[in-house]
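Engineer: Sending over a structure as structure tokens; questions will come in a sec.
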Amino acid sequence: MNRLKKWHILKSEMVINHRWCQVRQDEIELPNGKIIDDFFVVIRPEIALILPITNHQEIVFVRQYRHGVGEILLELPAGSFDATKENAETAAIRELQEETGYVAQKVTKIANLYDNPVKDTNTIHLFLAENVTKMREQKLDITEDIEVVLIPVASVLDKIINSEISVAGTVAALFLGLNLLNS
């Protein structure tokens, strides 16, 4: 028997409604009857993330500046998408091509994960791309300055342990995707 109950939303108001940032303030009643009038939720778009592996057993990473943390990070190709206009797999394939110029021969769904379910609304959709090959030049957005980096599969765990790869969605995709390949 599950004793857990969902919170009841008494009132909800959009306090920031900008094209790039939406924040909702909820007044909620907890299962124990207590009221919280300032629970903030960030409305974020869906994310498609892809783990691309070449036939030489190299993973195609992107290195780019991430302003939120003020660091240049090594991560897998990914991007946001509007789920009413594009499905997650199409978005993942598009992001791979735009950010790296690589094209996948085979794409497999790995998993759906929540990035920060306490305060954010979005899902990260993880995909594995096998036998990827460089087919074109990058097609970057105005805010993107991306270096493509190939790393042998055998080196990835050490890079995670040494914090050279430290983006949560990337780490999850690596463990889940490489496990899928080895099963």
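No value in this document is a laboratory result; all are computed from the given coordinates. These numbers were taken from a predicted model, which means no experiment stands behind them. Here Cβ is always computed from backbone atoms with ideal geometry, including for glycine, and neighbour counts include all displayed protein chains.
Engineer: For log10 I(q)/I(0) by the Debye sum over Cα atoms at q = 0.09, 0.12, 0.20 Å⁻¹, which listed value, [x] -0.39, -0.65, -1.36; [y] -0.46, -0.70, -1.16; [z] -0.34, -0.60, -1.37, comes from the coordinates shown?
Structural biologist: [x]
Engineer: May I pose another question? Residues in the stretch 97-114 near a label at THR90, defined as backbone nitrogen under 12 Å from the 7 Å Cα→Cβ point?
Structural biologist: It comes to no residues whatsoever.
Engineer: What residue among ILE124, ILE35, ILE53 has the largest mean-square fluctuation in a Gaussian network model of the chain, using Cα springs under 10 Å?
Structural biologist: Among ILE124, ILE35, ILE53, the largest GNM mean-square fluctuation belongs to ILE35.
Engineer: Then there's this: Separation between the GLU144 and ASN32 pseudo-spin-labels, each 7 Å from Cα along Cα→Cβ, expressed in nm?
Structural biologist: In this crude spin-label approximation the distance works out to 4.7 nm.
Engineer: THR121: net charge of surrounding residues, Cβ under 10 Å, Lys/Arg +1, Asp/Glu -1, itself excluded? Before the final figure, lay out each step's value.
Structural biologist: Details: positive: ARG24, ARG44, LYS119; negative: GLU46, ASP115, ASP120.
Residues close to THR121 contribute a combined charge of 0.
Engineer: Can I ask one more? What ranking of GLU29, GLU46, GLU58 emerges when the number of other C-beta atoms within 10 Å of each C-beta is taken as an exposure proxy, fewest first?
Structural biologist: Details: GLU29 13, GLU46 20, GLU58 17.
Final ranking by Cβ density, sparse to dense: GLU29, GLU58, GLU46.
Engineer: Modelled label-to-label distance, HIS67 and LEU176, 7 Å Cα→beta-carbon offset: nm?
Structural biologist: It works out to 2.9 nm between the two label points.
Engineer: If contacts are Cα pairs under 8 angstrom and at least 6 residues apart, what is the relative contact order of the chain in percent?
Structural biologist: Taking the mean separation of contacting Cα pairs over the length of the chain, I get 22 percent.
Engineer: Sticking with this structure for a sec: Compute the acute angle (0 to 90°) between the alpha-carbon long axis of helix 168-182 and the principal axis of greatest extent of the alpha-carbon atoms of the chain; round to the nearest 10°.
Structural biologist: Rounded to the nearest ten degrees, it is 50.
Engineer: Suppose we keep just the DSSP beta bridges with both residues in the chain; what percent of those would be antiparallel, to 5?
Structural biologist: Rounded to the nearest five, the antiparallel share is 85 percent.
Engineer: Each label point is 7 Å from the Cα along the Cα-to-Cβ direction; what then is the distance between the points at ASN112 and GLU13, in nm?
Structural biologist: Here the answer is 3.2 nm between the modelled labels.
Engineer: Between 0 and 90 degrees, rounded to the nearest ten: what's the tilt of helix 88-100 against the longest Cα principal axis of the chain?
Structural biologist: Tilt of helix 88-100: around 50 degrees.
Engineer: Take the Cβ-Cβ distance between GLN22 and ILE160 as r, set R0 to 41 Å, and report the resulting FRET efficiency rounded to the nearest 0.05. Write down the numbers at each step before the final one.
Structural biologist: Values: r = 32 Å, r/R0 = 0.78.
After rounding to 0.05, the efficiency reads 0.80.
Engineer: Taking the Cα centroid of the stretch 8-32 and of the stretch 127-154, what is the distance between the two, rounded to the nearest whole Å?
Structural biologist: Cα centroid of the stretch 8-32 versus Cα centroid of the stretch 127-154: 37 Å apart.
Engineer: So, R0 is 22 Å and r is the distance between the beta-carbons of VAL41 and ASN2; what FRET efficiency does that work out to, to 0.05? Before the final figure, lay out the partial values.
Structural biologist: Numbers: r = 23 Å, r/R0 = 1.06.
After rounding to 0.05, the efficiency reads 0.40.
Engineer: What residue among ARG94, ARG19, ARG44 has the largest mean-square fluctuation in a Gaussian network model of the chain, using Cα springs under 10 Å?
Structural biologist: ARG19
Engineer: Which of the aspartates and glutamates could be linked to LYS159 by a straight reach, that is with a Cα gap under 13 Å, when you skip same-chain ones fewer than 8 residues away?
Structural biologist: Output for LYS159: GLU75.
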